[in-house]
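Participant: Please read through the structure below; I'll follow up with questions.
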Amino acid sequence: IISVVQRICHNRDLSMRARSIAYLPQAMGGLGLRDWFGIADAAYIASIAVASTFIPLLHEDLRECFPHPSFGEEFCEVKRGSNGTTVNINAGAHLSSYVESAEEALKASARLGVCTEKDSIERTRNGKPLTKICAALTRYGDTRVLGQITSSLEESEDPMAIFLQSRLLSARGDTHTWSTIPGDQATTLENPQIKVAMLQRLLEPIIPTSNREDTDCAVTCPKCGNSYSGAASSSVKAGDVGHVDVYGYHAIRCAANGWRDRTKMWHDPLVKVHAACQRSAGYRPKIEQSKQMQESNMRPDISVPRDDSPVVLQLDVRTCDPTLKDNVRNSCAQIGYAADRGAAEKNRKWLGHTIAQGDIFMPLCHEHPGTMGEGALAVLERAAAHFSSSMAQRGAFKTYWLQRIHMTNTRGVADLVIQNMPYYEGDEILVEHAVPNPFTAALDMAQPNPRPTARSLHTTATLGLPPRDEERPPNRPLETFV
């Protein structure tokens, strides 16, 4: 599975942190990939717990063959608190990969409800069978992995670690981009776009370096001309406007041309997809309609008039950056902090004018990893309620447009990074076969490894033809990823 990610990243040797993020669920900032090794122990524990609960209820004579996992020589005994009471949990050797201490083991066993045989039988008879143990244990293990990644970033001496941590936390708000099946242009990413988006999701540098932990790369922005080498004597610090990094964060906040690229590639597509969402719900939105404000010349991005009321819903899109110097520390502790701050700034600018004329204003804030502001989610909920009164159809409506909104956000950020891609200055920092700007030319996906074909069940001997093996050219050696 990880070889697909490596091919998209041009066969780059991914770090252990990137591999761990790739196997995390999307709700935890990962790609949502799964392998058998990550769920094998959890599935084994769940199968023991479920089988020992249900089979004795159906076949009383098999009770001795399926002892409850809380009893037996292979299960560990853990003390609960200071009162000396004990609780036996199942398969201590397997559960040890999910827990680190006695307290964590007790919390896991209490959460799963497998402490005693009597409790398990009562849960089954009351209509609450133990059918989600595997999912609970897997989620528990994913939480541990996410905690280890966060701790490693907090303890790292790399000045970019805090920015990576803020982006990892903000990426948890996007659970649709990497599970959307491409069906049209709105849900499809081009090769360069998906490469940039995946590298940023995995917290990997976009400019390939020989050492990922070394940020002393002399890179220069082609727009503003700022250059940063990471030297200790440099007056430019990480997070400053002039700080050019290998992760593409400066490409998002570079204001050399007055935010023209950011508006064209990121802001305007979000305005169009939100207007299309309102139009799909049955409204008649207007984009940047003039003379909407009676006492000012300001034009909201989207104006949504209501058929049964003179009140107009005024919407304005704001693109937010959690890696800014003013946002990064709070973004490491709170999901959506940059979006909340952007919404507060929009409210200070617009609320006075809209309330004075009896209209409603909602800010539509989007962070570049993917988190949507509360205002954008509320507007989408309002559109779904206007679309249908059925809860099932409302859910389908929201899923449909959440996929397109998140894909538009991801595509806009990737286009902006590609447009402002920094270039390196030096020869010793690059990996082998790297180019100064890996996105100057068209990017094609790396070719997959050839797979040997299966032998045919029908032979040609009965037809008097030569065997297939004599005609078949020799197999090509399998290519390996570095």
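Participant: What are the ³J(HN,Hα) values, in whole Hz, obtained from phi via the Karplus relation 6.51 cos²θ - 1.76 cosθ + 1.60 with θ = phi - 60°, for each residue of the range 143-152 in sequence order, with x given for Gly and Pro?
Facilitator: Couplings: 5, 5, 5, 4, x, 5, 5, 5, 5, 5 Hz.
Participant: List every residue whose amide H lies under 5 Å from the amide H of Cys365, counting only residues 5 or more places away in sequence or on a different chain, with H placed 1.01 Å from N in the peptide plane.
Facilitator: It is Arg318, Gly373, Gly375, Ala376, by chain and number.
Participant: Another question, if that's okay. For Gly248, which sequence-distant residues (separation of 5 or more, or a different chain) have an amide H within less than 5 Å of its own amide H, given hydrogens modelled in the peptide plane?
Facilitator: For Gly248, the qualifying residues are Ile206.
Participant: For a protection proxy built on the mean count of beta-carbon atoms within 10 angstrom, sort 293-299, 332-338 highest first, please.
Facilitator: Values: 293-299: 12.1, 332-338: 19.6.
Highest to lowest by the protection proxy: 332-338, 293-299.
Participant: Can I ask one more? Between the range 135-183 and the range 254-271, how far is it from one alpha carbon centroid to the other, in angstrom?
Facilitator: After rounding, the separation between the Cα centres reads 27 Å.
Participant: What does the highest-first list of 401-409, 15-23 look like by mean Cβ count within 10 Å?
Facilitator: Highest mean packing first, the order is 401-409, 15-23.
Participant: Report the extension gain between Glu60 and Gln148 in nm, rounded to one decimal, defined as 0.36 nm multiplied by the number of residues separating them, less their alpha carbon distance. The partial results should precede the final answer.
Facilitator: Values: separation 88, 0.36 × 88 = 31.68 nm, distance 4.47 nm.
Result for the pair: 27.2 nm of gain on full extension.
Participant: If you don't mind, another one. Which FRET efficiency, nearest 0.05, do Asp35 and Gln393 yield, Cβ-Cβ r, R0 41 Å?
Facilitator: Numbers: r = 36 Å, r/R0 = 0.87.
With a Förster radius of 41 Å, E is 0.70.
Participant: Could you sort 35-46, 191-202 so that the peptide with the highest average Cβ count within 10 Å comes first and the rest follow in order? Mind dumping the intermediate values first?
Facilitator: Details: 35-46: 15.8, 191-202: 21.8.
In decreasing order of mean packing, 35-46, 191-202 become 191-202, 35-46.
Participant: With θ set to phi - 60°, apply the Karplus curve 6.51 cos²θ - 1.76 cosθ + 1.60 along the range 180-185 and write out the HN-Hα couplings as whole Hz, x wherever there is a Gly or Pro.
Facilitator: Those phi angles translate into 7, 7, x, x, 8, 5 Hz.
Participant: In sequence order, what are the phi-derived ³J(HN,Hα) couplings for the range 411-421 according to the Karplus relation 6.51 cos²θ - 1.76 cosθ + 1.60 with θ = phi - 60°, rounded to whole Hz, with x for glycine and proline?
Facilitator: Taking θ as phi minus 60°, the curve returns 5, x, 5, 5, 4, 5, 5, 5, 5, 10, 4 Hz for the range 411-421.
Participant: To the nearest 0.05, how large is the calculated FRET efficiency for Lys291 and Asn257 if R₀ is 22 Å and r is the Cβ-Cβ distance? If you can, show how the numbers build up before the last one.
Facilitator: On the way: r = 29 Å, r/R0 = 1.33.
So, using R0 = 22 Å, E works out to roughly 0.15.
Participant: Rounded to the nearest 0.05, what FRET efficiency is calculated for Ala356 and Glu381 with R0 set to 30 Å and r the Cβ-Cβ distance?
Facilitator: Values: r = 26 Å, r/R0 = 0.88.
Approximately 0.70, to the nearest 0.05.
Every read-out reported here was derived from the displayed coordinates using simple, explicitly stated rules and does not represent laboratory data. Just so it is clear, the structure is predicted and the values come from calculations on it, not from any experiment. Because the Cβ atoms are built from the backbone with ideal geometry, glycine has one as well, and the counts that use them run over all protein chains shown.
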